[in-house]
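Structure, as structure tokens:
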Ligand code: NAD
Ligand code: GLY
């Protein structure tokens, strides 16, 4: 499989996304070409380290780099102050200077945390993203949103800080558990709904519930997703307007995550239900036709997003909506599809629509009627 390249066009902060199969070992060569000349701190997690840690380090050392690896516990809990503090101390112990760089080898947790370390250590050192989950390859590694969580909310402490390179090795997807693959696939479907009807149709025709596909399928969908994200980020780096469309499904998705104390759903799962709800809201509001809604529902259901945990309540979900970052005063902002391939921000959704939406959603998926 040949290697492909995309560009995130941001003037002096522009960078390439390089995509190929079994290319992790070439990372050192790419860093040399980019002019990285100092020490490298590789940040990864304890699932990814045994699979790819040695291969990554070997390639860096062969290219002449002095590299140290830090392994964090896998999972959202590592996007925290204590983990950040430990990594910053490790960077100091390794005597990293402004020529030093950081490599984020892992999923979105590693990427967001390592990017946060890169943004803050010595007021900013260069870093590269080497995403190993589908979600990270199509979304979190591109665009420079870096963050850690606060006990009161996800991604509250962070910055926009672009990497110098995103290197996507599609071979890493072969070890990804099914749940994580499906999670990333939800984000892939998101790109079709927000920006590209042809891509949505391709997914509609090709996606199978098992997600067992040829290499070329993954290459195509990762490439197309990254191309859409790169285009959007290039037009609106700091989410002044257009970039908000990438948050399709996130308002209600985050509310579901919060309502289940961040214990049941992972990010992509919650966003899937959020996309379903936002599409239904668009239909209720009269801006999306029934045929498009059915197509969106069909593809999400095919991915198996059909079950909610017990204990979810209307009250819990509405409480979760209060902390949405897009909220302006008492107005909630929803990204709603007007057609497949086109979304728009709406802030005029009547409260009774939401009540009706959530109530029938809970009834359908948990079999319980919720009045409160
Ligand atoms: P994750 O990083 O927790 O990875 C999921 C799991 O897969 C982990 O257990 C990890 O150890 C494991 N894993 C990673 N690569 C593997 C591989 N190749 N083989 C086997 N196991 C592997 O989760 P994620 O879904 O990648 O990312 C979620 C995070 O991304 C959240 O914190 C979310 O807030 C963030 N996010 C950020 C952005 C952004 O723009 N910065 C966008 C979307 C999501
Ligand atoms: N994942 C949303 C964004 O990058 O803006």
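The values are calculated or read from the model by the stated rules, or taken from the named source; none is laboratory data. Since the structure is predicted, the reported quantities are computational estimates derived from the model, not experimental observations. In this analysis, Cβ positions are derived from the backbone assuming ideal geometry, glycine residues included, and neighbour counts consider all displayed protein chains.
A few points about this structure:
- The set of residues from the stretch 104-138 being in contact with a strand residue (DSSP E or B) (Cβ under 9 Å, 6 or more places away or on another chain) and within 12 Å of ligand 2 (Cβ to nearest atom) comprises 108, 111, 112, 115, 136, 138.
- Taking strands (runs of 3 or more DSSP E) as the structural unit, those lying wholly within the stretch 130-231 and holding at least 1 residues that are touching a helix residue (DSSP H, G or I) at 6+ places or on another chain (Cβ under 6 Å), over 28 Å from residue 85 (Cα atoms) and modelled with pLDDT of 95 or more correspond to 165-169.
- Taken as a whole, the condition of being within 26 Å of residue 18 (Cα to Cα), away from ligand 2 (no atom under 16 Å from the Cβ) and outside any strand (DSSP E or B) does not apply to residue 84.
- Residues in the stretch 60-81 that are within 16 Å of ligand 1 (Cβ to nearest atom) and outside any loop (DSSP other than H, G, I, E, B): 69, 70, 71, 72, 76, 77, 78, 81.
- From 202, 223, residue being within 22 Å of residue 20 (Cα to Cα), under 17 Å from the mean Cα position of the chain (by Cα), surrounded by fewer than 24 Cβ atoms within 10 Å (Cβ to Cβ) and more than 16 Å from ligand 1 (Cβ to nearest atom): 223
- Inspection of the stretch 283-298 finds no residue satisfying the criterion of being surrounded by fewer than 18 Cβ atoms within 10 Å (Cβ to Cβ), within 22 Å of the chain's Cα centre (by Cα), in contact (Cβ under 8 Å) with a residue 24 or more places away in the chain and farther than 19 Å from residue 191 by Cα.
- Count of residues meeting criterion [touching a residue at least 40 places away in the same chain (Cβ under 8 Å) and in a helix (DSSP H, G or I)] in the stretch 104-129: 11
- Annotation note: of 272, 279, 261, the sole residue that is closer than 21 Å to residue 109 by Cα and in contact with a helix residue (DSSP H, G or I) (Cβ under 7 Å, 6 or more places away or on another chain) is 272.
- Some residue of the stretch 234-253 being buried (at least 18 other Cβ atoms within 10 Å of the Cβ), under 30 Å from residue 310 (Cα atoms) and away from ligand 2 (no atom under 14 Å from the Cβ): yes
- Qualifying residue in the stretch 37-45 (condition: free of Cβ contacts under 8 Å to residues at least 60 places away in the same chain and surrounded by 16 or more Cβ atoms within 10 Å (Cβ to Cβ)): no
- For the stretch 248-290, filtering for residues that are modelled with pLDDT of 95 or more, within 14 Å of ligand 1 (Cβ to nearest atom), in contact with a strand residue (DSSP E or B) (Cβ under 9 Å, 6 or more places away or on another chain) and in a helix (DSSP H, G or I) leaves 1.
- Applying the condition of being closer than 27 Å to residue 237 by Cα and near ligand 1 (Cβ under 7 Å from one of its atoms) to the stretch 148-179 and asking which residue is surrounded by the fewest Cβ atoms within 10 Å (Cβ to Cβ) yields 155.
- Number of residues in the stretch 318-367 that are within 24 Å of the chain's Cα centre (by Cα) and in a helix (DSSP H, G or I) equals 4.
Conditions tested, residue by residue: (1) more than 16 Å from ligand 1 (Cβ to nearest atom); (2) buried (at least 21 other Cβ atoms within 10 Å of the Cβ); (3) at pLDDT below 95.
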residue	(1), (2), (3)
85	yes, no, no
91	yes, yes, no
95	yes, no, no
102	no, yes, no
114	no, yes, no
118	no, yes, no
127	no, yes, no
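- Residue under evaluation residue 228, criteria (1) within 12 Å of ligand 2 (Cβ to nearest atom); (2) touching a strand residue (DSSP E or B) at 6+ places or on another chain (Cβ under 6 Å), criterion not met: (2)
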